1. Go through the range 62-87 residue by residue and tally those that are at pLDDT below 95 and of a type in the set (Gly, Ala, Ser).
2. Can you pull out the residues in the range 40-55 that are out of contact with any helix residue (DSSP H, G or I) (no Cβ under 6 Å at 6 or more places or on another chain) and farther than 14 Å from THR73 by Cβ?
3. Do you know which of the residues in the range 38-94 that are hydroxyl-bearing (Ser, Thr, Tyr) and farther than 19 Å from THR11 by Cα is surrounded by the most Cβ atoms within 10 Å (Cβ to Cβ)?
Amino acid sequence: MVQASSRRDLTFAQLSALARIEQYDPLRLGELATRERVTAPSVIRTIAPLAEDGLIAREPDPADRRSQLLLITDHGHKVIDRIRRERSELIASRTARLTDDQSAVLAAAVPVLELLAEEPPLPPLRGD
């Protein structure tokens, strides 16, 4: 788990949801579920701690008052930026220990790793 605040650690699902909300801000709950490939009840359980910790905000959807829009807060931006920075520093310190041959193998593997990390396309949501 990733340390998010003094109160709670973020699970992988919470960190993924936070990053997705940041990417598509604002995002409807159902759209988040679709993009995360989980059910709406699962997303509700995932985002509840994010809202409690002030990492995301919920606002009524002006187009449909029965729906809510999820938005990342300034605090959420700071937390996700810190997590990314810490992960980058960790990877940099670990790759510094590699030999020249190991570094060359890693550099050659980067395009394949990037391909694996790409998300498969989803049908357009809300005019994306």
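1. Qualifying residue count, the range 62-87: 2.
2. Answer for the range 40-55, where residues must be out of contact with any helix residue (DSSP H, G or I) (no Cβ under 6 Å at 6 or more places or on another chain) and farther than 14 Å from THR73 by Cβ: PRO41, SER42, ILE44, ARG45, ALA48.
3. Checking each candidate, the answer is SER67.
The values are calculated or read from the model by the stated rules, or taken from the named source; none is laboratory data. These numbers come from a predicted model, not from an experiment. Counting neighbours? That spans all protein chains shown, and the Cβs are built from the backbone with ideal geometry, glycine included.
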